[in-house]
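Undergrad: One structure, as structure tokens, below. Some questions next.
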Amino acid sequence: MSELKYKRVVLKLSGEALAGEKGFGINPPVIKKIAEEIKDVYNEGIQIAIVVGGGNMWRGEAGAEMGMERSQADYIGMLSTIMNGLALQDNLESLDVPTRLQTSIEMKQIAEPYIRRKAVRHLEKGRIVIFSGGTGNPYFSTDTAAVLRAAEIDADAILMAKNGVDGIYSADPNKNADAIKFDHLTQKDLLEKELNVMDSTASSLSKDNDIPLVVFNLNKSGNIKKVVEGKQIGTVVEGK
């Protein structure tokens, strides 16, 4: 086993990552590859919790912009994350990786309700835990859910897997050729520089709880494993 920098992590996956080049819905070959990458890390003995977004199916903000009541629109988004969680669970278990899906909105026929102590016990027993349904409250993103769950389970770091972006830049690298990539930042930098890695609520919560964050490119094979081994991949955010 390689030397590991992090022993318990929260892996934040965007919903778009599950869609791949299609941009919408769940792309079976893509989600299978992601599951295989996660299994490689799991085999290293890492305790893994996962928070997955729902942007490949629905975004609450977009619904609100179309005239829908914001809370209602956000609840639809939460259901999208649960569908993604079910798909990811199925793919992981097809690879013989024991996985538990927990939801912040009770759906006892298909998943466990989120219970912090139970989630920690699953991790200690070598099971991957997928947290779905966001925080269970409207007006909060799945980025905030990832930070909240990381604080609750005492995770060593949040691994923020980006779809095609290899770290944090001073500007959008797809729109600005002069954008500068940062190798290291502090939690304070995220807020003061308004880098929009995640929403301000998530950034503030991460800073207040001093939870390290690693932003990296999910599309490059082996990157998740390299991050937990402490190799310089993407951008590391740590220290207040």
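The values are calculated or read from the model by the stated rules, or taken from the named source; none is laboratory data. None of these values were measured; they are calculated from a predicted model. Neighbour counts are summed over all protein chains in view; Cβ atoms, including those assigned to glycine, are modelled from backbone coordinates with ideal geometry.
Undergrad: Taking segment 76-106 as the region of interest, how many residues are charged (D, E, K, R) and crowded, with 17+ Cβ neighbours inside 10 Å?
TA: Of the residues in segment 76-106, 1 are charged (D, E, K, R) and crowded, with 17+ Cβ neighbours inside 10 Å.
Undergrad: Go through (1) within 17 Å of Val10 (Cβ to Cβ); (2) in contact (Cβ under 8 Å) with a residue 40 or more places away in the chain one by one and return the number of the condition Val165 breaks.
TA: Result: Val165 passes all but (1).
Undergrad: Further, regarding this structure: Out of (1) modelled with pLDDT under 95; (2) under 26 Å from Gly20 (Cα atoms), the odd one out for Leu79 is which?
TA: Single failed check for Leu79: (1).
Undergrad: Would you please list the contacts, defined by Cβ atoms under 7 Å and residues six or more apart or on different chains, that run from a residue in segment 82-106 that is free of Cβ contacts under 8 Å to residues at least 12 places away in the same chain to a residue that is buried (at least 19 other Cβ atoms within 10 Å of the Cβ)?
TA: Within 7 Å, the pairs are Glu93/Thr99.
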